[in-house]
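The values are calculated or read from the model by the stated rules, or taken from the named source; none is laboratory data. On a predicted model such as this, the values are computed, not experimentally measured, just so you know. Methodologically, a virtual Cβ is constructed for each residue, glycine included, from the backbone with ideal geometry; neighbour enumeration extends over all protein chains shown. Ligands, DNA and RNA are stripped out before the accessible areas are found, and what is left, the full protein with its side chains, is counted by its heavy atoms. Shrake-Rupley method; radii C 1.70, N 1.55, O 1.52, S 1.80 Å.
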Amino acid sequence: MLRNADFRRLWLSNALTSFSGQVSALALPLCAILLLGATPAQMGTLSAMQALPFALFGLPVGVWLDRNRKFPLLLGAELMFGLVLASIPLAHWLGLLSIHCLYVVGFLTGTGLVISGGAEQVFLTFLVGRSGLIDAQARFAATESASRLLGPALAGLLVQILTAPVVILFNACAFFISLLNLRRIRARESVPAPTGTHPMREMKDGLAFVWGHPLLRTLAWSAGSWHFLFFGYTALQILFATRVLGMSPGALGMTGTLGGIGILASSILLKPLSRRFGAGRTILIGLSCTTVGFVLIPMLPPALFGSGTATVIAFGILVMFFDCGVMLFFMPYMALRQRVTPDAFLGRMVSTMRFLTVAVAPLGALAAGYIGDHFGVRSGLACVAAGAIALTLWMVLMSPLRSVKD
């Protein structure tokens, strides 16, 4: 696979955007919290705005992907990310930055993710074939771990020194570099043959295909339930770390670095776990690991054993465990759904699955923000933890994924 120059270029761009995404994941919320004094409800709304495009555009984008070449869409999304992120420091320096500006940025970046995520997954299948997906995903997971090792720590340190808008400007530049690199890829898919059917019919067919396939249906509702909880968690996690636990941006970045170790561990464990237990049980192992993080993080005190440093270390270890679980959940999940889908449905399947799994995520973010506003941030995270326990018990005891080997 590494002898394929086009795969190497796609892998390099994935590394750049993964690194940039990790930096943005910390810098954007810190921009809202530190510069604009955002409340839990506002942080919930910001998280919801990032997920809303999946509900609005997921199905139409699937039809669009199946009717067009994916590579130009991937290039357009990279350009969009760079321009949108560059607008934040510009608005800050002009004195125009507000929480509503961040809502717009969140919505537009979410829209870019709807397009680029589906386009990259289908284009990757074109480059490496279905038989190479597990290896390719494992390499992408290793890249993700490297970005998590370096990105959050660097982001936290730079936010502390240079402020969040400057860090976001560097992020925008990374997307422009990724765009130039992608333009060097020579492989080109053929233009899909015209279907002659109405887009609404194709969206309906995509939904019917996913919902009529037992494995895809199980993956959809389980991942959808998880995303509902995850977006509630992300809406409150950084607020909890900074305002309840008293962590600085630099300390918060260092805990994110431990998350990178968790992703690195997942890239090493993915193939042996899949061989030993099968893809379905590997997904359940990943889900259980994330639940440990969901449950224990809200229990942390500001000074564990009388030490704030101990709290930071414990927080980082739990983030490491959580991020390892996320990758063990989603790597075999993505490979399984690609393997069982015919070429003609790949674009619609990816976007339909993203629609079904992330459409409810804004509700999770808004609900967690409401609870955090009225009953405290720790209470909001505790509700997320209760939901995670219920989902894990149901999946482990009742889900057909227990018997899925490949």
Whenever you get a sec, line up 178, 267, 225 from highest to lowest accessible area (probe 1.4 Å, protein heavy atoms). 225, 267, 178
Hey, what did the chain get for relative contact order, percent, Cα under 8 Å, at least 6 apart? 30
Degrees between helix 377-398 axis and first principal axis of the chain (Cα, 0 to 90, nearest 10): 40
Would you calculate a helix-derived [θ] at 222 nm for the chain, using -39,500 (n - 2.57) for each DSSP H run of n ≥ 4 and dividing by the full residue count, to the nearest 500? -28500 deg cm²/dmol
For the range 249-406, calculate the relative contact order in percent as a whole number, restricting contacts to Cα pairs under 8 Å that are 6 or more residues apart. 36
What whole-number distance in Å separates the alpha-carbon centres of the range 12-91 and the range 215-285? 19
FRET efficiency, residue 186 to residue 34 (Cβ-Cβ, R0 41 Å, nearest 0.05): 0.40
Rounded tilt (10° steps) of 40-67 against the dominant C-alpha axis of the chain: 10
Summed side-chain charge close to residue 5 - residues other than residue 5 whose Cβ falls under 11 Å, Lys, Arg +1, Asp, Glu -1: +4
Work from the charge dipole of the chain (Cβ charges, +1 for Lys and Arg, -1 for Asp and Glu, about the Cα centre) and give the residue of 129, 399, 316 farthest towards its positive end. 129
I'm a student and want to see the number: the projected area of the Cα convex hull of the range 198-250, averaged over all directions, in nm². 5.9
Cβ-Cβ FRET estimate between residue 207 and residue 307, R0 fixed at 45 Å, reported to 0.05: 0.30
Carbon and sulfur together cover what percent of the accessible area of the range 215-332 at a 1.4 Å probe radius? 73
Longest principal axis of the chain (C-alpha) makes with the long axis of helix 164-182 (C-alpha) an angle, in degrees to the nearest 10, of 20
Solvent exposure of the chain as accessible area per residue, Å², 1.4 Å probe: 40
Per-residue HN-Hα couplings for the range 319-331 [Karplus 6.51, -1.76, 1.60; θ = phi - 60°; Hz; x = Gly/Pro]: 4, 4, 5, 4, 5, 4, x, 4, 6, 5, 6, 8, 5
Restricting attention to the range 318-406, which trypsin sites (Lys or Arg not before Pro) occupy a DSSP loop and are surrounded by at most 10 other Cβ atoms within 10 Å? 405
Which percent of the accessible heavy-atom area of the range 86-162 goes to carbon and sulfur, probe 1.4 angstrom? 70
Residue 161 versus residue 396: modelled label distance in nm, points set 7 Å from Cα along the beta carbon direction: 4.4
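Using the Cα centre as the reference, give the magnitude of the dipole from point charges on the C-beta atoms of the chain (Lys, Arg: +1; Asp, Glu: -1; all else neutral), rounded to the nearest 20 debye.
1000
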Most to least packed among 110-120, 23-33 [average Cβ atoms within 10 Å]: 23-33, 110-120
When the convex hull of the C-alpha atoms of the range 2-90 is computed, what volume per residue in Å³ does it have? 121
